[in-house]
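Please read the structure below before turning to the comments.
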Amino acid sequence: MGRWEPNARGRLQQAALELYSENGFEQTTVAEIAARAGLTERTFFRHFADKREVLFAGADQLKELLVAAVADASGSLAPLDAVAAGLEAAGAFLQEGREYSRQRQAVIDANAELQERELIKLASLASAIADTLRRRGVSDPAASLSAEAGIAVFRIAFERWVVDTERNDLGQLIRGSFDELKAITAGG
């Protein structure tokens, strides 16, 4: 086995995604993922708690980036605009991994358990955003509404981005979706 080769975590993620796409999530074993990556099962478990976590490994990093961007947004911004700034930063972070995101989403869409886990991740992001808005002095329900609306906008923009054949920028799709939300709420 090629355990000495660099980037074991990345190789495990790539192997898992390939196998999930080829065989399905349920039919893929940790042993198969490790073998495809040229590593041992023990190495797999040093990096991931289970095979599901391979797909959600960057969630904490995304949350930290999002919370920091919302916290650092100009104090003059309305709550929803601060959320938009944070989500645009998240979009920039995700932009380079478009093909990975596309494949990952296809795997998630094919499995109810993974869809549930994705919803939990999005709810966690909304909660973190709302908490950050509260620390910025935004009271409820404005903090919660802004956070939840922002996550809805993000989810819709992300779904459009992963199927988009025109290769639009995720940040542009997020901005456009926020503009559509504002037009709707303004009665347009």
Degrees between helix 79-95 axis and first principal axis of the chain (Cα, 0 to 90, nearest 10): 30 degrees
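Test of understanding: ordering Lys121, Lys182 by Cβ neighbours within 10 Å, fewest first, what list do you get?
On the way: Lys121 18, Lys182 14.
So the ranking, lowest neighbour count to highest, is Lys182, Lys121.
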Least to most buried among Thr132, Thr40, Thr185 (fewest other Cβ within 10 Å first): Thr185, Thr40, Thr132
P(r) tail fraction, the chain - alpha-carbon pairs more than 21 Å apart, %: 55 percent
Taking Glu118, Glu64 and counting other C-beta atoms within 10 Å, the order from fewest to most: Glu64, Glu118
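Throughout, read-outs are computed from the coordinates displayed, never taken from laboratory work. Note that the structure is predicted; figures quoted are calculated from it, not measured. Methodologically, a virtual Cβ is constructed for each residue, glycine included, from the backbone with ideal geometry; neighbour enumeration extends over all protein chains shown.
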